[in-house]
1. Can you run down the residue pairs with Cβ atoms below 7 Å, 6 or more apart or on separate chains, where the first is in region 173-192 and in contact (Cβ under 8 Å) with a residue 12 or more places away in the chain and the partner is part of a helix (DSSP H, G or I) and open to solvent by 50 Å² or more (accessible area, probe 1.4 Å)?
2. Checking the conditions here, which among Leu262, Leu254 is modelled with pLDDT of 95 or more, over 23 Å from Thr12 (Cα atoms) and not in a loop (DSSP other than H, G, I, E, B)?
3. Does region 299-318 contain at least one residue that is charged (D, E, K, R), within 19 Å of Val386 (Cβ to Cβ) and in a helix (DSSP H, G or I)?
4. Output yes when any residue across region 266-288 is part of a loop (DSSP other than H, G, I, E, B), in contact with a His (Cβ under 7 Å, 6 or more places away or on another chain) and either β-branched (Val, Ile, Thr) or modelled with pLDDT of 95 or more (or both), and no when none is.
5. State which residue is surrounded by the most Cβ atoms within 10 Å (Cβ to Cβ) when the search covers only region 132-151 and only residues that are within 26 Å of the chain's Cα centre (by Cα) and of a type in the set (Gly, Ala, Ser).
6. Answer yes or no: is there a residue in region 37-53 that is in contact with a helix residue (DSSP H, G or I) (Cβ under 9 Å, 6 or more places away or on another chain), surrounded by 24 or more Cβ atoms within 10 Å (Cβ to Cβ), part of a strand (DSSP E or B) and of a type outside the set (Asp, Glu).
7. Within region 285-320, track down each residue that is farther than 25 Å from Val10 by Cα and open to solvent by 30 Å² or more (accessible area, probe 1.4 Å).
8. Got a sec? Which of Asp182, Asp198, Asp172 is of a type in the set (Asp, Glu) and more than 22 Å from His285 (Cα to Cα)?
Amino acid sequence: MRDVYIVDAVRTPVGRYGGALSGVRPDDLAAHVMRAIADRSPDLDPARVDDVVFGNANGAGEENRNVARMAALLAGFPVTVPGTTVNRLCGSGMEAVIQAYRAIAVGDASVVIAGGVESMSRAPWVVPKPERAFPAGHQQMVSTTLGWRLVNPRMPEEWTIALGESAELLADEYRLTREAQDAFALASHEKAARAWKDGAYDAEVVPVNGLARDESIREDTSMEALAKLKPAFRKGGTVTAGNSSPLNDGAAALLLTDEAGLAATGREPLARIRASAVTGIEPQHFGAGPVEAVNRALGRASRGFGDLLTFELNEAFAAQALTCLGQWPDLDPAVVNPRGGAIAIGHPLGASGARITGAVAHQLAAAGSGTGVAALCIGVGQGLAVVLER
């Protein structure tokens, strides 16, 4: 098995739903980060890219017809560079990185661009085909922005509840108070705002469409402001818009190589991929999915929580993140999402896994050495994790 290096990682700023990036097609967002990743390694001939692997959770709108291939063409890559799109819902961007890692590790590729993209603002409505021709009645439009739609009636009802109600179930089971969730959300905003002020994101974020900074960060929020928000999913519940990740738009891309590809770039890598793991869990408890995935990935890397310099855990909901953190007693909370998490930065579904993997790589490079983990929960009950080292 070959060593696999992350040479570079870039991302767009994450836009708010209906915000600065809502006018940009998802294939153009993907093309933007692909072009940026190529431009930042000018010694690498783009024709040497063996494949482009991109994650996307929707696939029902302008990102249809294999957004990885379409974006590579839009980015000006040679037509000889192929592309494939993968879907593991919220984990799609990380799944793309893992698939690229595997291809390089077994010798099927030397240089791969991997990443993910999502425009939740531009996700279309869809209309199911009628069961019979020429229906006389009205047809219902269904939003593809987030969550279950066109559900198979054979699915057990408890599996297909709203994502926010799943977070409420975790809050109930693990006795997570509204105050604890709001405090976690506040810390996410504070860390993200501080990271931007300190220039921590300068090395990885490439502006697009006039947006240079993550759009959902609220520097002026407070426990008092968060406490005023009403429960969003259950009367008398604890999960609100303030302690949940928002709807977002964005894209991220990573350049992965083996030793020969690394030499062709003339660059020093950010990090090396050590291991990955994917696991399944009951769909209604999807938020706890990362727990076993992280445990397995660390085991495969022969590392423990005490070895970690940084840990990027995607924050779908504060209740979800706190549930996972509570299952890892040996993990130092200080290393978790040190530059803010998805509650502040945002969660453009297909891009988030690539974003947090790239974030870990940049943090390891800034430190000079160490081990890091990136992990996500995934709708319909899965968890995904990757271990990086430098």
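The values are calculated or read from the model by the stated rules, or taken from the named source; none is laboratory data. Everything numeric here is computed off the predicted structure, so don't read it as measured data. Virtual Cβ from ideal backbone geometry, glycine too; neighbours counted across all protein chains shown. Calculation scope for accessible area: heavy atoms of the full protein, side chains included, ligands and nucleic acids excluded. Shrake-Rupley method; radii C 1.70, N 1.55, O 1.52, S 1.80 Å.
1. The qualifying pairs are Tyr174/Gly326; Asp182/Met223; Asp182/Ala227; Ala183/Met223; Leu186/Met223.
2. On the way: Leu254 fails: over 23 Å from Thr12 (Cα atoms).
Result of the check over Leu262, Leu254: Leu262.
3. Step one: filter region 299-318 for residues charged (D, E, K, R), giving 300, 303, 307, 312, 315.
Then drop every residue that is not within 19 Å of Val386 (Cβ to Cβ), which leaves 300, 303, 307, 312, 315.
Retained after the next criterion (residues that are in a helix (DSSP H, G or I)): 300, 307.
Yes, the conditions are met somewhere in region 299-318.
4. Applying the first criterion (part of a loop (DSSP other than H, G, I, E, B)) to region 266-288 yields 266-270, 281-282.
Now narrow it down to the ones that are in contact with a His (Cβ under 7 Å, 6 or more places away or on another chain): 270.
From what's left, either β-branched (Val, Ile, Thr) or modelled with pLDDT of 95 or more (or both): 270.
Looking through region 266-288, at least one residue is part of a loop (DSSP other than H, G, I, E, B), in contact with a His (Cβ under 7 Å, 6 or more places away or on another chain) and either β-branched (Val, Ile, Thr) or modelled with pLDDT of 95 or more (or both).
5. The residue in question is Gly147.
6. There is at least one residue in region 37-53 that is in contact with a helix residue (DSSP H, G or I) (Cβ under 9 Å, 6 or more places away or on another chain), surrounded by 24 or more Cβ atoms within 10 Å (Cβ to Cβ), part of a strand (DSSP E or B) and of a type outside the set (Asp, Glu).
7. Scanning region 285-320 gives His285, Glu292, Asn295, Arg296, Gly299, Arg300, Ser302, Arg303, Phe305, Gly306, Asp307.
8. On the way: Asp182 fails: more than 22 Å from His285 (Cα to Cα); Asp172 fails: more than 22 Å from His285 (Cα to Cα).
Within the list Asp182, Asp198, Asp172, the selection yields Asp198.
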